[in-house]
Structure formats: structure tokens, C-alpha cells
Amino acid sequence: MNDLIEYNQSELEKIFANDFTTPYFFSLATLYFQSNDLDRAEKVCAIGLKTYTDNLDAIYLLAKIYLFNNQINKSEKLLSKSINQNLISDKILKLFIEIRDSLNRSINETKKN
């Protein structure tokens, strides 16, 4: 598939419905997130991450969705798992630190991660 091809939401929904392992899951989840449809964004992201476990952008997006849904501990757990598996980006690390700080977690434990 050509990475330069852009699809609208309806086309992405059809692609995803026909193949849950499509790499376009992240594009669809992002569109849902941007339109504040957090339930669908979460479902699509979670399904896509079953196949693309190392998609850093999707991990970050799912962590943000959890935060928007006030599931702070779930977001922290997802980011911690990602970091422990060496799936790290600047955005993931920054969000993880911010979450740990907001939860008053030990600074030493955060540094270990």
C-alpha cells in the first residue's frame, strides 16, 4: 500500500471492518480521537495494537485516550509496559513522567523506569 494515500473516515471504517490487521487502524483511531469519539478511538487502537504491538504512536494515543476517560492508572500501566519493553519515544516518556508526577509516585522509581 502507498503511504501517501489518504482516506476519509468512511473509507477507513470499511478498510478496518474488512481487516482488523490493517496498518490504517491508527489513522482511523486518530480521526475518532479528533472528533472526540473516544470509545471508538479506544476500541480501534486496542484492536490495532494486538497486531502492531510496537506502534509507538498508537501506544501514545491509547494512553491519552485513557487519560481523557479519567483512567489514569490504566494509562500509567500501558506506558510503563511500553517502557519496560523498550518501546520508547520522547512523547511516551514525557507523558509517563507527567502521569507519575501527578500521582505523586516516587521520583526514584520513575527514574529507574
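The values are calculated or read from the model by the stated rules, or taken from the named source; none is laboratory data. Source: prediction; values computed, not measured. We place every Cβ from the backbone using ideal geometry, glycine too, and count neighbours over all the protein chains shown. Calculation scope for accessible area: heavy atoms of the full protein, side chains included, ligands and nucleic acids excluded. Shrake-Rupley method; radii C 1.70, N 1.55, O 1.52, S 1.80 Å.
Estimated from helices alone, the mean residue ellipticity of the chain at 222 nm is -21500 deg cm²/dmol (sum of -39500 (n - 2.57) over DSSP H runs with n ≥ 4, per residue). Placing unit charges on the Cβ atoms only, positive for Lys and Arg and negative for Asp and Glu, gives the chain a dipole magnitude near 600 debye about its Cα centre. For the chain, the solvent-accessible area of protein heavy atoms averages 64 Å² per residue (probe radius 1.4 Å; ligands and nucleic acids excluded).
Accessible surface of the chain, 1.4 Å probe: 48 percent of it comes from carbon and sulfur atoms.
With a ≥ b ≥ c the root eigenvalues of the C-alpha gyration tensor of region 20-97, is it rounded (a/c under 1.5), prolate (a/b larger than b/c) or oblate? Oblate. Between the residues SER106, SER10, LEU62, the greatest Cα displacement towards the positive end of the dipole of the chain, with unit charges on the Cβ of Lys, Arg, Asp and Glu, is found for SER106.
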